[in-house]
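Here the structure comes first, spelled out in structure tokens, and everything after it is commentary.
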């Protein structure tokens with residue numbers, strides 16, 4: 001994994017108040033983390049740093065699209081994502097990132113690297129089950145979908161009324177009291 005120097009924010013030279021940073025996240029960002037489930041990405045990220053005397057407040061917002069493969073058909077499509085993360089950075093004796101919303105960095109630090117937080121925020125914004133919109137509305141024509149329809153169990157009216165005789169004895173148990 002690379003260090004991602006462009007995502008290091010030197011806060012020691014900044015005045016108190018809000019400071020805005022903008023990033024354009026491409027697929028190579030995720031590749032450096034060893035994450036290869038995205039085919040392509042186009043994400044705009046806005047980071048607002050509110051510097052205060054005793055702490056820093058980070059507000060990250062990301063919006064855009066990621067090109068992923070459908071879990072059902074394997075067809076690639078653009079999945080739109082939108083994500084938001086608020087992070088409070090406090091100063092302490094030693095580095096501690098055990099809490100999801102509070103990061104503690106040593107007193108002597110003069111910059112913070114937000115690459116890991118950006119990565120996690122954006123990866124978690126993508127749905128765990130990825131289904132092509134064409135599958136949901138029925139407009140996608142695919143060989144895989146045709147095969148799934150062929151293999152789908154067929155229910156006929158005759159089969160609905162017929163019961164398995166092995167289960168009939170169990171039904172009698174419900175009526176015998």
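Please treat every number below as a calculation from the coordinates, not as lab data. Being a predicted model, the structure only gives us computed values, none of them experimental. Positions of Cβ are backbone-derived with ideal geometry, glycine not excepted, and every protein chain shown enters the neighbour counts.
Condition check: over 16 Å from residue 112 (Cα atoms) and either surrounded by 13 or more Cβ atoms within 10 Å (Cβ to Cβ) or without any contact (Cβ under 8 Å) to a residue 60 or more places away in the chain (or both). Does residue 30 satisfy that? Judged against the criteria, residue 30 is a match. Scanning the range 34-54 for residues that are part of a loop (DSSP other than H, G, I, E, B), in contact with a strand residue (DSSP E or B) (Cβ under 9 Å, 6 or more places away or on another chain) and surrounded by 13 or more Cβ atoms within 10 Å (Cβ to Cβ) yields 38, 39.
Counting only residues that are touching a strand residue (DSSP E or B) at 6+ places or on another chain (Cβ under 7 Å), assigned to a loop (DSSP other than H, G, I, E, B) and more than 28 Å from residue 41 (Cα to Cα), the range 94-119 holds 4 of them.
Of everything listed in (1) in contact (Cβ under 8 Å) with a residue 12 or more places away in the chain; (2) surrounded by fewer than 16 Cβ atoms within 10 Å (Cβ to Cβ); (3) over 18 Å from residue 35 (Cβ atoms), the single unmet condition for residue 76 is (3). With respect to the conditions (1) without any contact (Cβ under 8 Å) to a residue 12 or more places away in the chain; (2) surrounded by 13 or more Cβ atoms within 10 Å (Cβ to Cβ), residue 95 falls short on a single one, namely (2).
When you check residue 122 against the structure, is it surrounded by 11 or more Cβ atoms within 10 Å (Cβ to Cβ) and under 21 Å from residue 28 (Cβ atoms), yes or no? So residue 122 passes the test. Within the range 1-33, being over 24 Å from the mean Cα position of the chain (by Cα) and not in a strand (DSSP E or B) holds for 11, 12, 13, 14, 15, 16.
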